[in-house]
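See structure below.
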Amino acid sequence: MEQLMIFSETNIYILSKLVALVRRDTGTRHRLNSNDAILGLLKDASLSADDRIQNYFHRFLENLSPEQLVGFKGEGLLIPEQYMRKPGLLPTPVSRQYAYMPR
């Protein structure tokens, strides 16, 4: 049995909201019982034109660790470039306590 991805309580809440919003928008019912199901939900959310879905999706990305972002990008998830600038993804003198690298 595969080990499920681990998320913060905030991101678990956001995922549950995305399940309801994506179902209402697309009619597709997503479950959070496997990594593939979670990835499918996130892919549908990333492609949605609905503003509420996009807001929750971006809040989800903001709470991910740099390692999780790299993993999702490797799985083919469309992640906006601003989220890929988090400290820890690229060698930088900025510590990881800050949310984003300065431009």
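The values are calculated or read from the model by the stated rules, or taken from the named source; none is laboratory data. As the structure is a computational prediction, the values presented were derived from the model and not from experiment. Virtual Cβ from ideal backbone geometry, glycine too; neighbours counted across all protein chains shown.
Remarks
- Verdict on residue 27 being on the phi > 0 side of the Ramachandran plot and in contact with a Lys or Arg (Cβ under 9 Å, 6 or more places away or on another chain): no
- Selection count, region 13-31, where residues are in contact (Cβ under 8 Å) with a residue 12 or more places away in the chain and either outside any loop (DSSP other than H, G, I, E, B) or within 12 Å of the chain's Cα centre (by Cα) (or both): 10
- Residue 41 being in contact with a helix residue (DSSP H, G or I) (Cβ under 9 Å, 6 or more places away or on another chain) and at pLDDT 95 or above: yes
- Qualifying residues in region 1-48 (those that are within 16 Å of residue 68 (Cβ to Cβ) and hydroxyl-bearing (Ser, Thr, Tyr)) - the one surrounded by the most Cβ atoms within 10 Å (Cβ to Cβ): 46
- Residue in region 49-72 that is modelled with pLDDT of 90 or more, in a loop (DSSP other than H, G, I, E, B) and within 24 Å of residue 28 (Cα to Cα) present: yes
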